[in-house]
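K.L.:
Can you read through this structure? Questions will come right after.
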Amino acid sequence: MTTVTTTAPAPKRLTTSAMIASFADPGQRTASAPFGHALAALAERDDRVVGLTADLGKYTDMHVFAEAHPDRFFQMGMAEQLLFGAAAGMAEVGLVPFASTYSVFAARRAYDFLCLDAAEPSLNVNIVGGLPGLTTGYGPSHQATEDIAIFRGMPNLTIVDPCDSVDIEQAVPQLAAHDGPTYLRLLRGKVPTVLDEYDYSFRLGKASVLREGRDVVFVSSGLMTMRALQAAEKLAGHNVDVAVVHTPTIKPFDAETVVAQIDTDRLAVTLENHTVIGGLFETVASAVVRAGLGRRVLPVALPDEFLAAGALPTLHDRYGLATDRVVEKVLAALG
């Protein structure tokens, strides 16, 4: 008698594109590598523009620039402090460097070099940080949830948190023309295209009212402006009229525009892809207090904790950045 032994097939290993995941909704219009293409186009017009990266060209869309301008691209290896020190040296002799790495490495690992080499002498060093906030599922080692909080205290540094491909494409030449160092929270890969549907253009240092509303005012930055606009549409179905104010420049902050929008009897809500500590919420709250307004501001932000790893849609839902979670929070606040 022959005995046949069968082995159950191993369960299929579940995978997730946690590192380079997209926050774009299915079917949403996107633009591929808007930063890389905008920088390459700028370099065609300005021969001072150079690009550097710390072994992350592909993952910060700097590879597009490298392919277009190989003689003006510098691969510095996994040495973020060297990356920014070299960029400062290039700026010192009149070049306009854009230096890319992940936001966690720029903010946590190379802060002192950025502060003393670029910010203190106010050199035109443009820092490009990939995977800001909760745009990767790789956990705390790669989730730069506190980068704005770290950088807001650095004198002379301009901080930009773009919403979409339109913001990025228009911001790049303005950052290059700006005196002093800048930090761009990069959205990479297939980036949603949203703001072209509004009467909008990026202006460094300025906020824009994208939508008027009588009941609630959203003040948002980064990818959360996209979510704010989506939530406003859904709240309209609940007879809640929502205004949306986009604040792509976190520092210097356009307090005049934002405070004027908050100084009403509407519910004020901030929305940001950043910890509730030290980011847009606290920037807005500070502006409100300085203006002498006794207004409540409700934050939609990441919690003050190290976040889990996993797939982005799951994490955005868990931590309150998903559109439906925003709608639920507003309806609860309105009672």
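K.L.:
Give the residues of the stretch 254-297 that are aliphatic (A, V, I, L, M), open to solvent by less than 10 Å² (accessible area, probe 1.4 Å), assigned to a strand (DSSP E or B) and in contact (Cβ under 8 Å) with a residue 60 or more places away in the chain, sorted by residue number.
P.N.:
Once the filter is applied, which keeps residues that are aliphatic (A, V, I, L, M), open to solvent by less than 10 Å² (accessible area, probe 1.4 Å), assigned to a strand (DSSP E or B) and in contact (Cβ under 8 Å) with a residue 60 or more places away in the chain, the stretch 254-297 yields only Val269.
K.L.:
Then there is this: Hey, can you tell me all the residues within the stretch 75-117 that are touching a Ser or Thr at 6+ places or on another chain (Cβ under 8 Å) and assigned to a strand (DSSP E or B)?
P.N.:
Those that are touching a Ser or Thr at 6+ places or on another chain (Cβ under 8 Å) and assigned to a strand (DSSP E or B): Gln75, Ala99, Ser100, Thr101, Tyr102.
K.L.:
Quickly run through the stretch 298-310 and pick out the residues that are more than 17 Å from Val217 (Cα to Cα) and assigned to a strand (DSSP E or B).
P.N.:
Leu302
K.L.:
Ala311 is checked against (1) buried (at least 17 other Cβ atoms within 10 Å of the Cβ); (2) over 17 Å from Arg152 (Cβ atoms); (3) of a type in the set (A, V, I, L, M) and fails just one. What number does that condition carry?
P.N.:
(1) is the only condition that Ala311 fails.
Listed here are the residues, each with its yes/no results for (1) within 24 Å of Ala43 (Cβ to Cβ); (2) surrounded by fewer than 20 Cβ atoms within 10 Å (Cβ to Cβ); (3) touching a strand residue (DSSP E or B) at 6+ places or on another chain (Cβ under 7 Å).
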residue	(1), (2), (3)
Ala118	yes, no, no
Gly133	no, no, yes
Ser141	no, yes, no
Thr145	no, no, yes
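K.L.:
Do any residues in the stretch 169-194 that are surrounded by fewer than 21 Cβ atoms within 10 Å (Cβ to Cβ) have Cβ atoms under 9 Å from those of residues that are part of a helix (DSSP H, G or I) and among the basic types (Lys, Arg), where the two are at least six apart or on different chains, and which pairs are they?
P.N.:
So the pair list comes out as Pro173/Arg45.
K.L.:
Looking at (1) open to solvent by 20 Å² or more (accessible area, probe 1.4 Å); (2) more than 23 Å from the chain's Cα centre (by Cα); (3) modelled with pLDDT of 95 or more, which one does Lys329 not meet, given that it meets all the others?
P.N.:
(2)
K.L.:
Can I ask one more? Return the pair list, or none, for Cβ contacts closer than 6 Å from residues in the stretch 204-223 that are more than 15 Å from Ala260 (Cβ to Cβ) and of a type in the set (A, V, I, L, M) to residues that are open to solvent by 50 Å² or more (accessible area, probe 1.4 Å) and in a helix (DSSP H, G or I), at least 6 apart or on different chains.
P.N.:
Leu204/Gln174
K.L.:
When you scan the stretch 129-139, do you find a residue that is among the hydroxyl-bearing types (Ser, Thr, Tyr), in contact with a helix residue (DSSP H, G or I) (Cβ under 9 Å, 6 or more places away or on another chain) and touching a residue at least 60 places away in the same chain (Cβ under 8 Å), even just one?
P.N.:
Yes.
K.L.:
Would the stretch 147-159 turn up any residue that is touching a residue at least 40 places away in the same chain (Cβ under 8 Å), closer than 25 Å to Leu307 by Cα, open to solvent by 10 Å² or more (accessible area, probe 1.4 Å) and out of contact with any helix residue (DSSP H, G or I) (no Cβ under 6 Å at 6 or more places or on another chain)?
P.N.:
The answer is yes, given that some residue of the stretch 147-159 is touching a residue at least 40 places away in the same chain (Cβ under 8 Å), closer than 25 Å to Leu307 by Cα, open to solvent by 10 Å² or more (accessible area, probe 1.4 Å) and out of contact with any helix residue (DSSP H, G or I) (no Cβ under 6 Å at 6 or more places or on another chain).
The values are calculated or read from the model by the stated rules, or taken from the named source; none is laboratory data. Not measured: the values here are computed from a predicted model. Virtual Cβ from ideal backbone geometry, glycine too; neighbours counted across all protein chains shown. Just so you know, the surface numbers come from the protein's heavy atoms only, side chains and all, with ligands and any DNA or RNA stripped out. Shrake-Rupley method; radii C 1.70, N 1.55, O 1.52, S 1.80 Å.
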